[in-house]
């Protein structure tokens, strides 16, 4: 074990005023991390109270932590608090149990398996298009949250979101806000005062979500026991999942609930944010927007000849894919990853002591000029095949990576491209000039004030 006296710390910010850095981080974590990375380089050290933090800004260092030496790290408190809702789902579980669950679940998200959900994605997007009216102004972030919730509900649970879907959305929002409050320094104090309104609100929201998922599990099991055929939604697939070769049997109701809740929460929040930022960027870059529409017209026809996109069209939507990829570079849905070292860990010439927190920020890496020229510029054409091959693996990682990378990544790519294609065929969005745009870095990177757009129907 490394002793305090033997540690040579990497460069980093220090303040005579106690907790000045912490207050800056709480106020604007992204600005704080970007400033630290640009000032101090590939590995930086700072403290929040007594907690030692190391920020890694080198893709090879990040790859070592997330892939080569992942067994030396556990998730830091940031996502450990999510166990309150997600139990031992893939996002929160650790060690051997996590590896077993991932082995069971990963085949469910194989690209060939999820192709069948493409028509769900486009049908709900099409339904939303029909609800919209020419010339109206609406919050596109709310619209994306709503449609991705509908899609994930149908794909995972095999059911349409009921009229109380707003309650489901509100319950999910309540849980997200709660987790973000708990992640903040001294957040553990909130949990210790159960009479606080935030604790009561969270308990009600969790109970509602649990009851919905458990009732759907029961419904699926009843149908299976009666030999009734039903659509192969993700829950049905998870219900069947086992790995006889590895001696892993089917999941219990509790395990299923944890995994479904994880997919439910992660599966609509991240994509809705990514799409919101994409439509904002297109509204700010008319040339890129016109080029995107040109591609859609060439693939689907224009005006009366147009048709609804399908999964088979995705390979033809090259520029659409570049737009979505570039949007997630500028505004990565998950903007930072935290790990805690189990044992001392060597990075370059420094030893990171056991118990230290390591931060790796997608936002910081995606805006690093060493890997992306003019990193703050929206430039979809940077994503040539050659450029993608030359980039270090962890210079761009919107879905994380390694053993803990997002299993739903193929689903998210498919959903993003199909929704962009379906919506932009019919609608042009103009950002409301009176609307303020800001970042709200919670567990995911949300628009701070929503995203007000004026809708123009394509004639």
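Quick notes on this structure:
- Residue 428 being more than 22 Å from the chain's Cα centre (by Cα), assigned to a loop (DSSP other than H, G, I, E, B) and not assigned by TED's automatic domain parsing to the domain that holds residue 30: no
- Across region 159-177, the qualifying residues are those that are exposed (fewer than 14 other Cβ atoms within 10 Å of the Cβ) and not in a helix (DSSP H, G or I), and the one among them that is modelled with the lowest pLDDT is 163.
- Residue ID - farthest from the chain's Cα centre (by Cα), chosen from residues in region 344-369 that are more than 15 Å from residue 41 (Cα to Cα) and assigned to a strand (DSSP E or B): 351
- Close pairs from region 360-386: first without any contact (Cβ under 8 Å) to a residue 40 or more places away in the chain, partner assigned to a helix (DSSP H, G or I) and buried (at least 21 other Cβ atoms within 10 Å of the Cβ), Cβ under 7 Å, at least 6 apart: 366/329
- Verdict on residue 266 being assigned to a helix (DSSP H, G or I) and surrounded by fewer than 19 Cβ atoms within 10 Å (Cβ to Cβ): no
- Residues being within 27 Å of residue 388 (Cα to Cα) and in a helix (DSSP H, G or I) - total across region 301-343: 19
- Residue 436 part of a loop (DSSP other than H, G, I, E, B), more than 13 Å from the chain's Cα centre (by Cα) and either in the same structural domain as residue 32 (by TED's automatic domain parsing) or free of Cβ contacts under 8 Å to residues at least 24 places away in the same chain (or both): yes
- Listed by first and then second residue, the pairs linking a residue in region 96-115 that is touching a residue at least 24 places away in the same chain (Cβ under 8 Å) and assigned by TED's automatic domain parsing to the domain that holds residue 261 to a residue that is surrounded by fewer than 12 Cβ atoms within 10 Å (Cβ to Cβ) and not in a helix (DSSP H, G or I), with Cβ atoms under 8 Å apart and 6 or more places separating them unless they lie on different chains, are 100/246; 103/246.
For (1) modelled with pLDDT under 95; (2) more than 16 Å from residue 272 (Cα to Cα); (3) touching a strand residue (DSSP E or B) at 6+ places or on another chain (Cβ under 7 Å), each residue gets a yes or a no:
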{"position": "364", "(1), (2), (3)": "no, yes, no"}
{"position": "368", "(1), (2), (3)": "no, yes, no"}
{"position": "404", "(1), (2), (3)": "yes, yes, no"}
{"position": "416", "(1), (2), (3)": "no, no, no"}
{"position": "434", "(1), (2), (3)": "no, yes, no"}
{"position": "439", "(1), (2), (3)": "no, no, yes"}
{"position": "445", "(1), (2), (3)": "yes, no, yes"}
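- When residue 106 is tested against the conditions (1) more than 25 Å from residue 182 (Cβ to Cβ); (2) at pLDDT 85 or above, the lone failure is (2).
- Qualifying residue in region 215-224 (condition: at pLDDT 80 or above, surrounded by 22 or more Cβ atoms within 10 Å (Cβ to Cβ), assigned by TED's automatic domain parsing to the domain that holds residue 423 and within 30 Å of residue 420 (Cβ to Cβ)): no
- Just one of the numbered conditions (1) in contact with a strand residue (DSSP E or B) (Cβ under 8 Å, 6 or more places away or on another chain); (2) modelled with pLDDT of 85 or more; (3) surrounded by fewer than 17 Cβ atoms within 10 Å (Cβ to Cβ) is not true of residue 273: (3).
The values are calculated or read from the model by the stated rules, or taken from the named source; none is laboratory data. Predicted model, so just to flag it, every value in this text is computed and none were measured. All Cβ positions, even for glycine, are placed from backbone atoms using ideal geometry, and neighbour counts span all protein chains on display.
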